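Comments concern the structure below.
The values are calculated or read from the model by the stated rules, or taken from the named source; none is laboratory data. Since this is a predicted model, take the numbers as computed values, not measurements. We place every Cβ from the backbone using ideal geometry, glycine too, and count neighbours over all the protein chains shown.
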Amino acid sequence: MHDVDPSISIRLPRMPQAVVFDMDGLLFDTEALYRDAMLATAQSLDRHMPSSLYLSTIGLSGDATRHVLSRHFGPDLDLDQFWQLASERFHHLAMTDLRLKPGVVEILGTLEDLSVPFAIATSSGHHDVERNLALHGLLKRFPVVVAHGDYQQGKPHPEPFLTAASRLDVSPAHCLALEDSHNGVRSASSAGMMTVMVPDLLAATKDVRDLCTGIAGDLHDVRNAILLARGAHVAA
């Protein structure tokens, strides 16, 4: 028996047959670590990197992020050196400070109890996904992972989410996508999925809200919305 918070405001139009999770900023508190690593690296190289620049890259692939950085810093910066130093800083932080976002364990348990399959669709590489999941004992709970290298076009293109739906063997229209970034919301929405944003470093803007089924405070809210949809489905 699952308890449902009656005050939850998110209402899903139908019970999802599958759930597709973003990873960074949604399952793990990695976006703040990436931000801190990049800003500290820029400072160590006597370069100015505003927080707004990092925020503009959230949800993008590594290649797209490098393109944004190259445009900002210009040709004088050794981007390969910057990327390597920032990656080393991030990996150190991840090994010591990586935290699960609120509600992760609870929502996974509920989906497993309801026999609703789920997957990850992320701009990060498989190595990063495996490291993060392993650090929190979640590796075996995600048999389906769509990561960088599994698609031609990254977020905000719909291909990552369409690939996840295909591997889950569920129509995108019957999938619930969970995202924390604007680019991720655009990707999931254009794939035709019910999309709920769980904001992390980025607030939900009006144009992003218009693409979403709802905006959640955390994954506990999403879990409640799934349980409510499940109750309505059973009653029908």
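Every test in (1) in a strand (DSSP E or B); (2) without any contact (Cβ under 8 Å) to a residue 12 or more places away in the chain is passed by S166 save one, and that test is (1).
Give the residues of segment 184-209 that are crowded, with 22+ Cβ neighbours inside 10 Å and either in contact with a Lys or Arg (Cβ under 7 Å, 6 or more places away or on another chain) or assigned to a helix (DSSP H, G or I) (or both), sorted by residue number.
Filtering segment 184-209 for residues crowded, with 22+ Cβ neighbours inside 10 Å gives 184-185, 187-189, 191, 193-198, 208.
Residues satisfying the conditions are G184, V185, S187, A188, S189, V208.
In segment 135-166, the qualifying residues are those that are β-branched (V, I, T) and touching a Ser or Thr at 6+ places or on another chain (Cβ under 8 Å), and the one that is surrounded by the fewest Cβ atoms within 10 Å (Cβ to Cβ) is V145.
Residues checked against (1) more than 23 Å from L219 (Cβ to Cβ); (2) part of a strand (DSSP E or B); (3) touching a strand residue (DSSP E or B) at 6+ places or on another chain (Cβ under 6 Å); (4) at pLDDT below 95:
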position: M1; (1), (2), (3), (4): no, no, no, yes
position: P6; (1), (2), (3), (4): no, no, no, yes
position: M15; (1), (2), (3), (4): no, no, no, no
position: V19; (1), (2), (3), (4): no, yes, yes, no
position: L39; (1), (2), (3), (4): yes, no, no, no
position: Q43; (1), (2), (3), (4): yes, no, no, no
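Filter segment 185-225 for residues that are touching a Leu at 6+ places or on another chain (Cβ under 7 Å) and of a type in the set (G, A, S); which is farthest from M23 (Cα to Cα)? In this case the residue turns out to be A225.
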